[in-house]
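Each remark here refers to the structure printed beneath this line.
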Amino acid sequence: MQPGDRVRVERAGVENEGVLMPSSTGEHLVVKLEGGYNVGIDRDEADVEVLESDVYAVEEGEETAPGGVSEITFEEDLPTISLISTGGTIASTVDYRTGAVTAQFDAEDVLRAVPDLAGRANYRGRVVANILSENMEPPIWQELAQAVHEEIEAGADGVVVMHGTDTMQYSASALSFMLDTPVPVVFTGSQRSADRPSSDNVMNAVCAVEAAKADAAEVLVCMHATQSDDYCALHRGTRVRKNHTSRRDAFETVGANPLARIAYETATEQGAEGAVATDAFEFRRDYRARGEADLSIAPDLAGDVELVKFTPGMDPAAWDYLDGKDGVVIEGTGLGHIHTDFIPRVEELVEDGTTVVMTSQCLDGRVCDRVYDTGRDLLDAGVIEAGDTLPGTAKVKLLWAEANSDDVAGTMRTDLAGELTEQSQPWR
């Protein structure tokens with residue numbers, strides 16, 4: 001028996017029927033039941049009957065080590081989509097030794113776990129990392145950008161990056177600055193693991209693959225748009241934010257509507273034979289079209305940039321560790337303010353060669369330090385306004401600008417990848 005087979009498993013008088021899944025241990029069988037839940041069963045104590053072999057036509061392959069590449073071909077005339085795995089819930093399984101969800105799947109395992117992807121494209125599978133996204137670090141962003149660049153050079157018609165949701169917005173921002181891409185690069189993930197009936201992994205993965213086949217050639221994030229299984233939203237990588245810890249529609253474009261909305265049912269039907277599911281997409285804003293940009297990469301990042309949050313009553317000594325940093329991004333209050341006692345500290349940092357950038361804790365609107373005395377004093381101290389750039393995006397951009405720009409202040413004030421609008425506007 002192999003993962004993907006439909007099996008009947010009996011143990012201690014209890015019978016379960018479902019699809020055999022990859023297991024994180026050799027001692028347990030994992031069976032996905034019809035209701036969506038996975039069950040773990042002691043292999044030695046179970047009687048197993050294979051009811052149907054190869055339910056899902058994805059060959060069992062060896063585990064793909066980081067940097068390895070595998071290929072799965074259905075038909076020659078299908079587009080080629082590169083599936084790049086970094087770990088996260090969409091590529092997770094349950095470790096039945098501990099009951100915890102762990103990142104275990106390589107890219108081929110994702111195809112076995114999401115059989116709906118079969119036949120939509122030919123796939124190149126590549127593992128860059130196998131981590132939970134809270135462990136993501138800038139050096140992995142550099143490896144990821146290089147992997148995406150190489151996959152596009154090798155002829156991929158689109159790239160899907162499978163990533164944990166907690167830090168997805170940072171990674172999407174990083175690749176937005178590091179890459180110019182002629183094809184879509186689509187980040188996706190899952191708020192709920194595949195062993196739960198409410199898992200969003202299938203819908204997010206299908207819509208992400210369809211987005212990677214479509215025309216918007218930018219770095220994007222594709223996740224549930226509502227709590228139901230009806231639409232996914234396509235967000236620009238530099239304007240998206242995870243705004244809920246656990247809801248399936250946790251991701252939102254800040255300050256505007258998402259770039260597009262994808263109707264899941266239409267995408268499922270129209271894209272099943274490899275066609276681009278054009279009718280599934282409702283684009284709400286302009287985008288860079290496929291083939292419009294030439295492929296290029298600028299993967300260098302500065303080593304030492306911090307994002308700090310000002311809060312009332314905090315001790316100025318809390319910022320002592322910022323000495324010697326390449327850059328500091330401040331989440332200020334309102335229009336971009338901090339307590340006046342902190343302004344001399346900011347001035348010291350600037351005089352010592354640290355780039356200090358101001359953003360706002362507010363979800364909408366932009367920094368403007370020309371309205372109140374505090375703001376004017378901050379400008380005099382050398383603070384750079386980041387407009388309506390999101391704080392997390394500003395940190396990633398500053399990491400990139402410090403390593404790639406001769407005019408860091410000018411770069412931080414210039415829109416490079418949709419992160420900075422000319423003026424804040426109501427949602428439209």
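One line per residue, one yes/no per condition, for (1) under 30 Å from GLU34 (Cα atoms); (2) of a type in the set (A, V, I, L, M):
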residue	(1), (2)
GLU218	no, no
ILE262	yes, yes
ALA275	yes, yes
ALA293	no, yes
Need pairs with beta-carbon distance below 9 Å; first residue among the hydroxyl-bearing types (Ser, Thr, Tyr) and within region 213-226, second open to solvent by less than 10 Å² (accessible area, probe 1.4 Å); sequence gap 6+ or separate chains. THR226/ALA233
Taking region 370-394 only, how many residues are in a strand (DSSP E or B) and within 19 Å of ASP323 (Cα to Cα)? 1
Return the residue satisfying two criteria in turn: it lies in region 294-305 and is within 21 Å of the chain's Cα centre (by Cα) and not hydrophobic (A, V, I, L, M, F, W, C), and of such residues it is surrounded by the most Cβ atoms within 10 Å (Cβ to Cβ). PRO299
Just wondering, is there one or more residues in region 351-369 that are touching an Asp or Glu at 6+ places or on another chain (Cβ under 7 Å) and either assigned to a helix (DSSP H, G or I) or free of Cβ contacts under 8 Å to residues at least 12 places away in the same chain (or both)? no
Quick one: in region 392-423, of everything that is of a type in the set (Gly, Ala, Ser) and within 19 Å of HIS235 (Cα to Cα), which residue is nearest to the chain's Cα centre (by Cα)? GLY392
When residues of region 341-375 are filtered for being surrounded by 16 or more Cβ atoms within 10 Å (Cβ to Cβ), charged (D, E, K, R), touching a Gly at 6+ places or on another chain (Cβ under 9 Å) and over 12 Å from LEU390 (Cα atoms), how many remain? 2
Would you mind stating whether GLU10 is modelled with pLDDT under 85 and open to solvent by 60 Å² or more (accessible area, probe 1.4 Å)? no
So, in region 163-175, how many residues would count as being closer than 9 Å to VAL221 by Cβ and open to solvent by 10 Å² or more (accessible area, probe 1.4 Å)? 1
Condition test on VAL308, is it closer than 18 Å to LYS395 by Cβ, open to solvent by less than 30 Å² (accessible area, probe 1.4 Å), free of Cβ contacts under 8 Å to residues at least 24 places away in the same chain and of a type in the set (Val, Ile, Thr)? yes
Matching residues, region 318-340, being closer than 19 Å to GLY255 by Cβ and either part of a strand (DSSP E or B) or open to solvent by less than 10 Å² (accessible area, probe 1.4 Å) (or both): VAL329, GLU331, GLY332, THR333, GLY336
Out of ALA147, ALA129, ALA156, ALA194, report the one residue that is more than 20 Å from ALA401 (Cβ to Cβ), assigned to a loop (DSSP other than H, G, I, E, B) and at pLDDT 95 or above. ALA156
Does TRP427 qualify as being at pLDDT 95 or above and either in contact with a Leu (Cβ under 7 Å, 6 or more places away or on another chain) or aromatic (Phe, Trp, Tyr) (or both)? no
Check region 270-293 and report whether any residue there is open to solvent by less than 20 Å² (accessible area, probe 1.4 Å), modelled with pLDDT of 90 or more and not aliphatic (A, V, I, L, M). no
Any residue in region 141-162 that's surrounded by fewer than 21 Cβ atoms within 10 Å (Cβ to Cβ) and among the acidic types (Asp, Glu): show its pairings with residues that are at pLDDT 95 or above and part of a helix (DSSP H, G or I) at Cβ separation under 9 Å, as long as the two are six or more apart or on different chains. ASP157/ALA212; ASP157/LYS213
If I ask for residues that are closer than 17 Å to GLU218 by Cβ and not small (Gly, Ala, Ser), which ones from region 148-162 would you list? VAL148, HIS149, GLU151, ILE152, ASP157, VAL159, VAL160, VAL161
Looking only at region 225-245, which residues are over 21 Å from ALA267 (Cβ atoms), open to solvent by 60 Å² or more (accessible area, probe 1.4 Å) and either in contact with a Lys or Arg (Cβ under 8 Å, 6 or more places away or on another chain) or part of a loop (DSSP other than H, G, I, E, B) (or both)? HIS244, THR245
Restrict the check to region 262-269 and report whether at least one residue is hydroxyl-bearing (Ser, Thr, Tyr), in a strand (DSSP E or B) and over 20 Å from the mean Cα position of the chain (by Cα). no
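The values are calculated or read from the model by the stated rules, or taken from the named source; none is laboratory data. Values in this document were obtained by computation on a predicted structure and should not be read as measured data. We place every Cβ from the backbone using ideal geometry, glycine too, and count neighbours over all the protein chains shown. Surface accessibility is based on the protein's heavy atoms, side chains included, excluding ligands, DNA and RNA. Shrake-Rupley method; radii C 1.70, N 1.55, O 1.52, S 1.80 Å.
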